[in-house]
């Protein structure tokens with residue numbers, strides 16, 4: 001990755017009626033970067049991607065991609081962008097092979113010309129090249145969509161929640177493919193609701209309610225967590241989280257797997273004393289120090305953001 005700015009987003013806002021989907025979004029994305037937008041449904045990720053891919057217009061603000069304005073220069077940009085929307089959108093009655101040939105022809109390309117770019121991905125699909133796209137598994141549909149987005153050799157690859165609804169193995173394979181594509185010189189932006197995928201990006205933007213809370217490397221975001229974090233555990237988890245969320249000594253309490261991650265209002269307060277007092281209500285309770293991850297950071301920022 002280099003530090004040459006490839007995408008410049010300046011104060012973009014987008015509304016649908018009375019619903020504000022994007023609120024003054026500004027950031028820069030570098031050339032040859034694998035950049036992730038992380039956030040829940042409704043954060044504004046899809047609206048931003050549709051603006052960047054010239055499919056919709058912002059209400060205000062602008063986006064420049066490789067020197068081209070997404071509004072004024074949309075025809076030029078569409079030739080250089082590969083877009084994989086969140087919902088499977090290929091022709092389900094066409095075979096794998098027919099879909100690839102069709103999308104190549106739309107961009108005036110030939111399958112054989114750019115086959116080297118999709119070969120590592122297509123080799124998983126090749127045994128099913130005569131199968132209709134609608135009959136493929138979720139993981140195979142994902143791979144076919146990626147191949148169709150790449151077949152014209154785009155400079156920018158835009159992937160909107162590409163791993164949603166896909167099994168864990170396919171998710172892992174997909175991210176290996178993205179890292180390899182990045183090495184080939186393509187700039188990639190990807191959105192995901194999965195916090196664990198953030199660590200696989202060069203940099204990420206954490207989004208909530210149409211705003212960007214922070215932009216940094218995954219390591220930088222974790223390092224910014226400046227509170228002591230503890231994991232509380234009990235077999236009576238539902239009772240425990242209600243107890244913690246209503247305790248004035250607890251700053252935040254969020255469920256994490258079998259545990260509940262908590263921070264304290266007063267960090268000088270003894271967790272041993274807290275544990276001892278709470279055990280009077282939940283006997284099997286334990287509270288131990290733990291290390292934060294990106295999801296902890298997102299929840300903490302979101303909690304502070306709403307206050």
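Hey, does the stretch 291-298 have a residue that's loosely packed, with under 12 Cβ neighbours inside 10 Å and either over 32 Å from the mean Cα position of the chain (by Cα) or touching a residue at least 60 places away in the same chain (Cβ under 8 Å) (or both)?
The answer is yes, given that some residue of the stretch 291-298 is loosely packed, with under 12 Cβ neighbours inside 10 Å and either over 32 Å from the mean Cα position of the chain (by Cα) or touching a residue at least 60 places away in the same chain (Cβ under 8 Å) (or both).
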Residue 277 being surrounded by fewer than 19 Cβ atoms within 10 Å (Cβ to Cβ), in a helix (DSSP H, G or I) and in contact with a helix residue (DSSP H, G or I) (Cβ under 6 Å, 6 or more places away or on another chain): no
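Could you tell me whether residue 89 is at pLDDT below 85, within 23 Å of the chain's Cα centre (by Cα) and surrounded by fewer than 14 Cβ atoms within 10 Å (Cβ to Cβ)?
On the way: at pLDDT below 85: yes; within 23 Å of the chain's Cα centre (by Cα): yes; surrounded by fewer than 14 Cβ atoms within 10 Å (Cβ to Cβ): yes.
Yes.
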Note: among 130, 110, 153, just one is part of a loop (DSSP other than H, G, I, E, B), free of Cβ contacts under 8 Å to residues at least 12 places away in the same chain, in contact with a helix residue (DSSP H, G or I) (Cβ under 8 Å, 6 or more places away or on another chain) and over 22 Å from residue 294 (Cβ atoms), namely 110
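The values are calculated or read from the model by the stated rules, or taken from the named source; none is laboratory data. Keep in mind the model is a prediction, meaning the values are calculated, not measured. Counting neighbours? That spans all protein chains shown, and the Cβs are built from the backbone with ideal geometry, glycine included.
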